[in-house]
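What follows is a single structure, written as structure tokens, with notes after it.
Just so it is clear, none of the values below were taken in a lab; they were calculated from the coordinates. A quick note: this is a predicted structure, and the numbers were derived from the prediction, not measured. Glycine also receives a Cβ, built like all others from the backbone with ideal geometry; neighbour counts cover every protein chain displayed.
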Amino acid sequence: MFVFDTIKNLQQYLSSLQVEQLIGFVPTMGALHKGHLSLINQAQKENDIVVVSIFVNPTQFGNQEDLEKYPRTLKDDLNLLKSVNCNVVFTPSADEIYNHNISSETFNFDGLENQMEGKFRKGHFDGVGTIVKRFFEIANPTNAYFGEKDFQQLQIVKKLVEKNNLNVTIHGCEIYREKDGLAMSSRNSRLTEKYRAEVPFIYQTLIKVQSLFKSLTVKEINVWVQNEFDQNELLSLEYFQIADENSLRGIVEINSANKYRAFIAVFADNIRLIDNISLSKKK
Ligand code: AMP
């Protein structure tokens with residue numbers, strides 16, 4: 001497994017590959033778990049070489065404390081990546097990526113950036129757009145893999161590719177969960193035992209929403225979810241929204257031709273967790 005921390009060395013290696021070799025790219029912020037490994041596994045099936053980046057991108061954090069407390073476990077991450085036969089790991093510093101100017105470009109994602117996470121994390125998607133575009137320019141991958149865990153991010157990356165005519169295919173991968181339903185996340189490692197025991201409540205709520213979606217109105221479901229969290233002493237709801245999968249806009253009425261998802265953001269102590277679930281029938 002090759003580990004590169006400079007753009008020059010990564011590009012030198014990639015340019016030594018044969019032109020027909022397919023490069024799969026999996027961007028991560030490290031503190032790797034089985035959710036990340038499921039993306040890598042899919043990338044390995046569909047490409048000749050898999051490049052995983054580990055980079056805690058400062059421009060997508062609005063909150064300095066969240067950035068500082070983000071778990072960093074590089075040694076364990078590299079061991080894990082080696083054990084799954086990852087080919088290349090890219091671990092640049094912030095200066096290597098931003099050339100001593102840590103700032104974001106401003107993007108227009110046709111309004112996708114103004115919904116949900118965009119409302120509560122100002123500037124977040126400019127940071128995501130900046131780093132993903134930069135990585136695509138650096139590694140020029142054939143395919144890139146993103147989790148549905150961050151569904152809004154996945155749709156935004158697809159829009160970034162479409163609007164900038166980038167030559168990369170974006171693949172969305174299903175949410176990987178703990179046995180109790182909690183969506184795997186690097187942030188879960190920061191939960192105390194008490195909060196860790198409580199957070200499966202988030203997925204349980206989404207599962208109930210999935211069944212209520214057949215009988216209640218969107219407004220009634222919104223009220224029901226708010227009530228559930230009002231009664232929960234440990235978890236506090238930041239937002240819950242049923243949205244159209246493509247526009248990500250909240251809906252009032254259901255149109256059977258469209259696909260919908262329920263999205264949620266919750267604080268467990270000071271740790272912010274997000275999750276989502278499809279409300280459309282599987283074909
Ligand atoms: P992160 O390191 O949290 O930035 O995540 C890197 C990539 O892994 C993103 O595309 C995430 O959506 C994806 N990812 C994180 N957690 C999961 C999960 N539980 N299931 C599937 N994909 C995930």
Subject >> Whole-angstrom Cα spans of the range 1-151 along principal axes, big to small >> reply: 42, 31, 30
**OP:** Could you tell me, in Å, what Rg and Dmax come out for the Cα atoms of the range 221-283?
**Re:** 13.0, 39
**OP:** Taking the Cβ of GLN204 as the centre, find all other residues whose Cβ is under 10 Å away and add up their charges (Lys, Arg: +1; Asp, Glu: -1).
**Re:** -1
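Eigenvalues of the Cα gyration tensor times 5, then square-rooted: what semi-axes does that give for the range 110-212, in whole angstrom, largest first?
29, 15, 14
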Subject >> Derived scalar couplings ³J(HN,Hα) [the range 61-69; Karplus, 6.51 cos²θ - 1.76 cosθ + 1.60; whole Hz; x for Gly, Pro] >> reply: 9, x, 9, 4, 5, 4, 4, 5, 8
Subject >> the chain, Rg to Rh (Cα coordinates; Rh as Kirkwood inverse mean 1/r) >> reply: 0.96
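How would you rank CYS173, CYS86, going from fewest to most other Cβ atoms within 10 Å of each one's own Cβ?
Lowest count first: CYS173, CYS86.
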**OP:** Before anything else, pin down the relative contact order of the chain: Cα pairs under 8 Å, at least 6 apart, normalised by residue count, whole percent.
**Re:** 17
**OP:** May I ask you to sort GLU238, GLU113, GLU68, GLU193 by Cβ crowding, counting other Cβ atoms within 10 Å and putting the fewest first?
**Re:** GLU193, GLU68, GLU238, GLU113
Original post:
Using all Cα-Cα distances in the range 1-43, what percent lands in each 5 angstrom bin from 0 up to the longest?
Top reply: 5, 17, 22, 24, 20, 11, 2
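Rounded to the nearest 500, what is the 222 nm mean residue ellipticity of the chain from helices alone, with -39500 (n - 2.57) per DSSP H run of 4+ residues and division by all residues?
Calculated at 222 nm, the ellipticity per residue is -11500 deg cm²/dmol.
Quick check on the exposure proxy: order MET29, MET116 from fewest to most C-beta atoms within 10 angstrom.
Numbers: MET29 18, MET116 24.
Final ranking by Cβ density, sparse to dense: MET29, MET116.
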Original post:
Which whole-number percent gives the relative contact order of the range 219-269, counting Cα pairs below 8 Å spaced six or more residues apart?
Top reply: 39
**OP:** Sort the range 167-283 into rounded, prolate or oblate with this rule: let a ≥ b ≥ c be the square roots of the eigenvalues of the Cα gyration tensor; rounded if a/c is under 1.5, and if a/c is not under 1.5, prolate when a/b is larger than b/c, oblate otherwise.
**Re:** oblate
**OP:** Post the alpha-carbon centroid distance, the range 135-212 to the range 1-58, in whole angstrom.
**Re:** 18
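Once you charge only the Cβ atoms, +1 for Lys and Arg and -1 for Asp and Glu, what is the size of the charge dipole of the chain about its Cα centre, to the nearest 20 debye?
Dipole of the chain, to the nearest 20 debye: 540 debye.
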Original post:
Classify the range 171-235: rounded, prolate or oblate, from the alpha-carbon gyration tensor (a ≥ b ≥ c, eigenvalue square roots; a/c under 1.5 rounded; otherwise prolate if a/b is larger than b/c)?
Top reply: oblate
Original post:
Cα gyration tensor of the range 65-104, axes a ≥ b ≥ c as square roots of the eigenvalues: rounded (a/c below 1.5), prolate (a/b > b/c) or oblate?
Top reply: oblate
Subject >> Stokes-Einstein diffusion coefficient of the range 116-173, Kirkwood radius over Cα pairs, 37 °C, 0.692 mPa s, in µm²/s >> reply: 281
